[in-house]
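This report refers to the structure that appears directly beneath it.
The values are calculated or read from the model by the stated rules, or taken from the named source; none is laboratory data. As the structure is a prediction and not an experimental result, all values here were calculated from the model. Every residue, glycine as well, gets a Cβ built from its backbone with ideal geometry; the counts of neighbours run over all protein chains shown.
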Amino acid sequence: MATPASSIGTAFDIHSDSQPEARDIAVLAPWPLFTVTIECHDGETETVYLHAGGQGVWVARMVASLGQRPMLVGPFGGESRHAIRDLVEAEGIGVRAITVKGRNGGYVDDRRSGSRQRVATGAAPRLDRHEMDDLYNAAFAEGLRCGTLVMTGVPKGEVLPVDFFKRLALDLSANGVAVVADISGSLLQGVEEGLAVLKVSHEELIDAGLCESDGRDAVVAAMEKLTPKARNVVVSLADKGVLALFDGIIHFAAPPRLQVVDPSGAGDSMTAALAVASATGMSGEDALRLATAAGAMNVTRHGRGSGNMRDILELARRIDVEVPS
């Protein structure tokens, strides 16, 4: 897929049982969150779970699950910053924290019925220009150090302006860093070039007006429209599989047959796997197998971005990938 910026050492081989050599991968988390989830497993006893969350955290969690060394770069502020940072570091995720005046956001979900119901949301304020400058410099520097950076977004351009992401992609790519992005909405429209890998869902393509359905021809046409932004484009089609355009060649991964426990977090797991694949120099076919397996395995679990590398690799070896002859 992409030429790895940190290709020293043994590459990640999904067909081998040997432990891959760990690499540093930076993950931009525009605003880490605290998450509270209420569950009732036996119909009687309620359990409350407290975790760090947000797209960047979920991506970093899967990067760590796949045996790599994630470095989460993000703003931390308010009374919740200590708890969020401690929770992130307890998962083996490195933290490059930018101290800000505002407080981290969060949410409370009630899942006692079996499905998620949002009870409360604490929004995060927009960063001021000094905080944005500090975060930009930290993300750029960590991207340079690691050679690979995952760019995650924010809802409707909140917290940070679109120009922040646009400039960061250009500056990192100009300095040899592979940028793997999972962005949508205004960020998808605003980032014009500089991405090594862009991961989106077919719903996000439809919302952006790039296609009208999840039909293969429509999605492929939309992917080709995105090639000025990204050298490689990956589109998740929910339970219909995954389409990828790697170096101009279409790949398709058939979905494994699994019962869904919680679909949330599957896309973030895919993005993390694509970043690992890029950083370790995997082929397009194996990158797609790993990403499809990571996303699929995550829907069988309750934790977003969670999984076991051994289990994911076992499933990855069984993913069928179609490539035109």
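Condition first: surrounded by fewer than 19 Cβ atoms within 10 Å (Cβ to Cβ), of a type in the set (A, V, I, L, M), touching a strand residue (DSSP E or B) at 6+ places or on another chain (Cβ under 8 Å) and more than 22 Å from Val150 (Cβ to Cβ). Can you find one or more residues in segment 205-213 that meet it? No - not one qualifying residue is present in segment 205-213.
Considering every residue within segment 89-109, establish whether at least one is aromatic (Phe, Trp, Tyr) and farther than 26 Å from Phe140 by Cβ. Break it down stepwise before answering.
Let us first name the residues in segment 89-109 that are aromatic (Phe, Trp, Tyr), namely 107.
Going one step further and asking which of them are farther than 26 Å from Phe140 by Cβ, we end up with 107.
For segment 89-109, residues aromatic (Phe, Trp, Tyr) and farther than 26 Å from Phe140 by Cβ: present.
Of the set (1) in contact with a Gly (Cβ under 7 Å, 6 or more places away or on another chain); (2) surrounded by fewer than 24 Cβ atoms within 10 Å (Cβ to Cβ); (3) modelled with pLDDT of 95 or more, all apply to Arg231 but (1). The residue of segment 238-264 that is farthest from Thr37 (Cα to Cα), among those that are in a strand (DSSP E or B) and either among the polar types (S, T, N, Q) or in contact with a His (Cβ under 9 Å, 6 or more places away or on another chain) (or both), is Leu245.
Residue check: is Ala266 small (Gly, Ala, Ser), buried (at least 17 other Cβ atoms within 10 Å of the Cβ) and at pLDDT 95 or above?
Details: small (Gly, Ala, Ser): yes; buried (at least 17 other Cβ atoms within 10 Å of the Cβ): yes; at pLDDT 95 or above: no.
It is false that Ala266 is small (Gly, Ala, Ser), buried (at least 17 other Cβ atoms within 10 Å of the Cβ) and at pLDDT 95 or above.
Residues in segment 187-204 that are surrounded by fewer than 16 Cβ atoms within 10 Å (Cβ to Cβ) and either touching a His at 6+ places or on another chain (Cβ under 9 Å) or closer than 21 Å to Gly54 by Cα (or both): 1 in all. Take the conditions (1) under 17 Å from the mean Cα position of the chain (by Cα); (2) under 25 Å from Asn298 (Cα atoms); (3) small (Gly, Ala, Ser); (4) not in a strand (DSSP E or B); Gly43 misses just one of them, which is (1). From the set of residues in segment 127-143 that are surrounded by fewer than 14 Cβ atoms within 10 Å (Cβ to Cβ) and either within 22 Å of the chain's Cα centre (by Cα) or among the β-branched types (Val, Ile, Thr) (or both), which is nearest to Leu172 (Cα to Cα)? Among those residues, the one meeting the criterion is Ala141. Number of residues in segment 99-108 that are surrounded by fewer than 20 Cβ atoms within 10 Å (Cβ to Cβ) and touching a residue at least 40 places away in the same chain (Cβ under 8 Å) equals 2.
Please find, within segment 77-98, the residue that is modelled with the lowest pLDDT out of those that are of a type in the set (A, V, I, L, M) and surrounded by fewer than 16 Cβ atoms within 10 Å (Cβ to Cβ). Can you show your working first?
Initial filter on segment 77-98 (of a type in the set (A, V, I, L, M)): 83-84, 87-88, 90, 93, 95, 97-98.
Then keep just the ones that are surrounded by fewer than 16 Cβ atoms within 10 Å (Cβ to Cβ); that gives 83, 90.
Working: Ala83: 92, Ala90: 95.
Out of the qualifying residues, it is Ala83.
Please verify whether Thr271 is under 18 Å from Ala178 (Cβ atoms) and either at pLDDT below 95 or in a helix (DSSP H, G or I) (or both), treating the condition exactly as stated.
Working: under 18 Å from Ala178 (Cβ atoms): yes; either at pLDDT below 95 or in a helix (DSSP H, G or I) (or both): yes.
In short, yes.
A count restricted to segment 64-76 and to residues that are buried (at least 20 other Cβ atoms within 10 Å of the Cβ), small (Gly, Ala, Ser) and not in a helix (DSSP H, G or I) stands at 1. Here Thr292 meets the list (1) over 16 Å from the mean Cα position of the chain (by Cα); (2) modelled with pLDDT of 95 or more almost entirely, failing just condition (1).
Counting only residues that are surrounded by fewer than 16 Cβ atoms within 10 Å (Cβ to Cβ) and either in a helix (DSSP H, G or I) or free of Cβ contacts under 8 Å to residues at least 40 places away in the same chain (or both), segment 171-186 holds 2 of them.
Yes or no: segment 4-12 includes at least one residue that is of a type in the set (Ser, Thr, Tyr) and over 28 Å from Asn175 (Cα atoms). No, there is no match, as no residue in segment 4-12 is of a type in the set (Ser, Thr, Tyr) and over 28 Å from Asn175 (Cα atoms).
Checking each residue in segment 304-325 for being without any contact (Cβ under 8 Å) to a residue 60 or more places away in the chain and assigned to a loop (DSSP other than H, G, I, E, B) picks out only Ser325.
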